[in-house]
Amino acid sequence: MQVTALAAALSAVTVDDELIEIAEVELRSWIELLIVAGISVGVALLLMIVVELVLRLLATRHAWVSPFAREARAPLRFLLLVAALWVAIDLAAPPTPISGVVERVLTVATIGLFTWLVVEVVDFAFVSALTRYPTDVANNRVARRARTQLEFLQRLSVVVIIVVGVSAALLTFPQMQAVGASLLASAGLASIVAGLAAQSTLANVFAGFQITFNDAIRVDDIVIVEGEWGRIEEITLTYVVVRIWDDRRLVVPSTHFTTQAFENWTRTGSELLGSVELDLDWRVSPAAMRERLATVLDGTTLWDRRVSVLQVSDAVGGLVRVRILVSAADAGMLFDLRNYVREELVEWVQLESPASMPRTRVIMDDSGTAADTSAAVDPADESARQQLFSGTPEAEQRAQQMMAPSADPVSSSESAGPEPAARYRAPRPRAESVRPAGRGG
């Protein structure tokens, strides 16, 4: 019994020693992890300082470095810190379930932060390129085309980078790798189903590619879409934003610009022509009006000195239509110029040429009206009062014939009275006496 108790005591001591040894090993591993993590974070901080000093040195020579450093500073710092912790966990963490979870989280975080950094770098590159093409100049057709294509490529690049980053993060999970393999095996059927389900979206995407690179519309173009006058403000992968003149926004699918007609006022250039029409009296002087138009245009900076025409385009209906054609550098200036010319010419008509104001003429002539009327209708003339079915015996006879077509006109005339009957009855032969021969008178 004593031997058994002593053996049990010795085994217990051995187990305790093993547990203590395991605990010491785990503690040593965690201490090593903390040391490695501290060293990694220190290296990351040192690398941040070096990068910051290099960027500041470059900023003294290149102007673009300072805004680039502002954009990339945050994602770069987070990326270095998370990458340092990820390396430390991968090198010195004890093989426990918790360390595995932490390592997976840090791996996904590193991929996400790297994706963020790449997006910021690409955005900065495209923004820097866009600054080389200003659109607030007179001849900006090439600049608007370049901005349209660069903005479209910028959005497309960001989408591709994000998709690749999300895919890389998902592929770190073994389950997602199996799903990816199965999807790759059935890619043909999946692509057909996806194409049918997203037919409208894909059509808009391809239409976005088409309108971006075929130069049909560009950013800042003046267009008329759905009866609305506006300016192209944004071209995305699937839709186009048109800024209406009253600051409303018209969102149009990209397929609209590839399947339906629309007006583009600035496709080949920003210069435009506009007309002003005035309806004036026949006494207007086109020559004097041309002189006033020349004075008005010379006194404004809205006119680009290309076109100035005044013509009488119509002269019917008691008015003379004067059509004025002027030109301006862009649509906005043309709108203001047309209104300005209209106001100045209306004021000129009011103050200097009042005879040119529109008038409606009515000629009234009362001379000889009564005499002509009396001469035309003579009360003594019986034929002037004749009517078709009343007023005269003949008219009454016609009325009776219409009511009784089979009646005898002679008997009908007799019923009207002795005088009409005597007028219309056929003359009767006069009776003569015949005496026998040989007998006297």
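Each residue of the stretch 301-310 in turn: what ³J(HN,Hα) in whole Hz from Karplus with 6.51, -1.76, 1.60 and θ = phi - 60°, glycine and Pro shown as x?
Going residue by residue, I get 8, 6, 7, 8, 6, 9, 10, 8, 10, 10 Hz, with x marking Gly and Pro.
So what are the ³J(HN,Hα) numbers for the stretch 116-132, from phi and the Karplus equation (6.51, -1.76, 1.60; θ = phi - 60°), rounded to whole Hz, Gly and Pro as x?
Working through the residues one at a time gives 4, 4, 5, 4, 5, 5, 5, 4, 5, 4, 5, 5, 5, 5, 5, 5, 7 Hz.
Please compute the net charge surrounding Val158, taking Lys and Arg as +1 and Asp and Glu as -1 over other residues with Cβ under 14 Å from its Cβ.
Details: positive: Arg155; negative: Glu71, Glu120, Asp123, Glu151.
Residues close to Val158 contribute a combined charge of -3.
With a 10 Å Cβ neighbour count serving as the proxy for reagent exposure, in which order, fewest first, do Ile111, Ile31, Ile244 appear?
Ile31, Ile244, Ile111
Fewest Cβ neighbours within 10 Å first, please rank Ile39, Ile363, Ile232 accordingly. Display every interim value, and only then the final one.
Numbers: Ile39 15, Ile363 4, Ile232 24.
Arranged by neighbour count, lowest to highest, Ile39, Ile363, Ile232 become Ile363, Ile39, Ile232.
Taking 0.36 nm per residue of sequence separation and subtracting the Cα-Cα distance, how much length would be gained by fully extending the chain between Val251 and Val159, in nm to one decimal?
31.0 nm
May I ask for the Kirkwood hydrodynamic radius of the stretch 272-356, worked out over all distinct Cα pairs and given in angstroms to one decimal? All intermediate terms of the calculation are to be shown ahead of the outcome.
Details: mean 1/r = 0.0770 Å⁻¹.
The Cα-based Kirkwood calculation yields 13.0 Å.
7 Å from Cα along Cα→Cβ at both Glu352 and Arg243: what's the point-to-point distance in nm?
Taking the simple label geometry, Glu352 and Arg243 are separated by 3.8 nm.
Give a quick list of trypsin sites (Lys or Arg not before Pro) in the stretch 292-367 that DSSP marks as loop, anything other than H, G, I, E or B, with at most 16 other Cβ atoms within 10 Å.
Sites meeting the loop and neighbour criteria: Arg305, Arg306, Arg359, Arg361.
What are the trypsin sites (Lys or Arg not before Pro) within the stretch 61-133 that DSSP puts in a loop, where the Cβ has at most 11 other Cβ atoms within 10 Å? Mind showing how you got there, number by number?
Working: sites: Arg61, Arg70, Arg73, Arg77, Arg104, Arg132; in loops: Arg61, Arg132.
In loop regions of the stretch 61-133 (DSSP not H, G, I, E or B), the sparsely surrounded trypsin sites (Lys or Arg not before Pro) are Arg61, Arg132.
Could you derive backbone 3J(HN,Hα) for the stretch 211-216 from the dihedral phi with the Karplus parameters 6.51, -1.76 and 1.60 (θ = phi - 60°), listing whole Hz in sequence and x where the residue is Gly or Pro?
Running phi through 6.51 cos²θ - 1.76 cosθ + 1.60 with θ = phi - 60° gives 6, 6, 9, 9, 6, 6 Hz.
Under 5 Å between amide hydrogens, which residues at least 5 positions from Val242 or on another chain qualify, with H placed 1.01 Å from N in the peptide plane?
Long-range HN contacts for Val242: Glu233, Leu250, Val251, Val252.
What full-extension length gain, to one decimal in nm, is calculated for Asn339 and Thr300 as 0.36 nm per residue of separation minus the Cα-Cα distance?
12.8 nm
I need the GluC sites (Glu not before Pro) found in the stretch 300-362, filtered to DSSP loop residues with at most 15 other beta carbons within 10 Å of theirs.
Numbers: sites: Glu343, Glu344, Glu347, Glu352; in loops: Glu352.
Hits after loop and neighbour filter: Glu352.
Just so you know, all these numbers are worked out from the coordinates, no wet-lab data involved. The model shown is predicted, which means the values in this text are computed figures rather than measured ones. As a convention, Cβ positions derive from the backbone with ideal geometry for all residues, glycine included, and neighbour counts pool all protein chains shown.
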